[in-house]
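Okay, so here's the structure we're looking at.
The values are calculated or read from the model by the stated rules, or taken from the named source; none is laboratory data. Computed from a prediction, not measured in an experiment: that's the story for all the values here. Positions of Cβ are generated from backbone atoms using ideal geometry, with glycine treated the same way; all protein chains shown enter the neighbour counts. Ligands, DNA and RNA are excluded from the accessible area calculation, which covers all protein heavy atoms including side chains. Shrake-Rupley method; radii C 1.70, N 1.55, O 1.52, S 1.80 Å.
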Amino acid sequence: MQSFDTDDIESRTARKLSRTIIIRRVEELPPGSCKSVELPQEREIALYNVDGEFYAIENFCPHKGAPLSEGILCDRVIECCWHGWQFDLRTGECLTVSEKIETYKVIVESGMVKILM
């Protein structure tokens with residue numbers, strides 16, 4: 001009897017290309033706070049702790065490049081400090097115009113916050 005691999009090529013490729021980057025200890029980012037984090041390849045993310053849930057998004061607003069880590073956090077929405085654009089931390093969707101920013105999967109293991117890239 002022949003065996004078949006049920007995974008498609010795209011999902012296997014995505015798993016091979018992704019990697020986990022340790023960002024910081026959980027206690028270094030208390031609830032309601034945000035930190036900007038520089039990543040390899042000149043990327044920068046904003047990491048948020050919202051009531052014990054962690055979210056990571058690209059740090060710069062697509063409008064004029066304002067650092068979203070300096071924005072106003074309200075629940076799971078960050079508001080750009082320059083012009084008021086608002087982004088959902090869960091999806092990256094802009095709530096004020098039809099734009100979107102990149103989001104990153106956050107993993108918490110053994111007291112460490114990690115980003116899946």
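Computed values, structure above
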| read-out | value |
| --- | --- |
| Environment charge at residue 64 (Cβ cut-off 15 Å; Lys +1, Arg +1, Asp -1, Glu -1) | -4 |
| Listed values (1) 1.22; (2) 1.64; (3) 1.10, entry calculated as Cα Rg over 2.2 N^0.38 Å | (1) |
| Accessible area of residue 60 in the full protein assembly, 1.4 Å probe (Å², nearest 10) | 80 Å² |
| Net dipole in debye of the chain [+1 Lys, Arg Cβ; -1 Asp, Glu Cβ; about Cα centre; nearest 20] | 260 debye |
| At R0 = 22 Å, FRET efficiency that the Cβ-Cβ distance of residue 24 and residue 63 yields, to 0.05 | 0.20 |
| Peptide ranges 65-74, 94-103 listed from the most packed, as the mean C-beta count within 10 angstrom indicates | 65-74, 94-103 |
| Close Lys-Lys pairs in the chain, where close means Cα under 21 Å and separation is 8 or more or interchain | 8 |
| ³J(HN,Hα), Karplus 6.51/-1.76/1.60, whole Hz, each residue of region 105-117, x for Gly, Pro | 6, 10, 10, 10, 9, 6, x, 10, 8, 10, 10, 8, 10 |
| In nm, spacing of pseudo-spin labels at residue 112 and residue 77 (7 Å Cα→C-beta vector) | 3.6 nm |
| Separation of alpha-carbon centers, region 100-117 and region 41-89, rounded to whole Å | 14 Å |
| Solvent-accessible heavy-atom area per residue, rounded to whole Å², over the chain at 1.4 Å | 64 Å² |
| Relative contact order (%) - criterion: Cα under 8 Å, at least six apart; region: the chain | 24 percent |
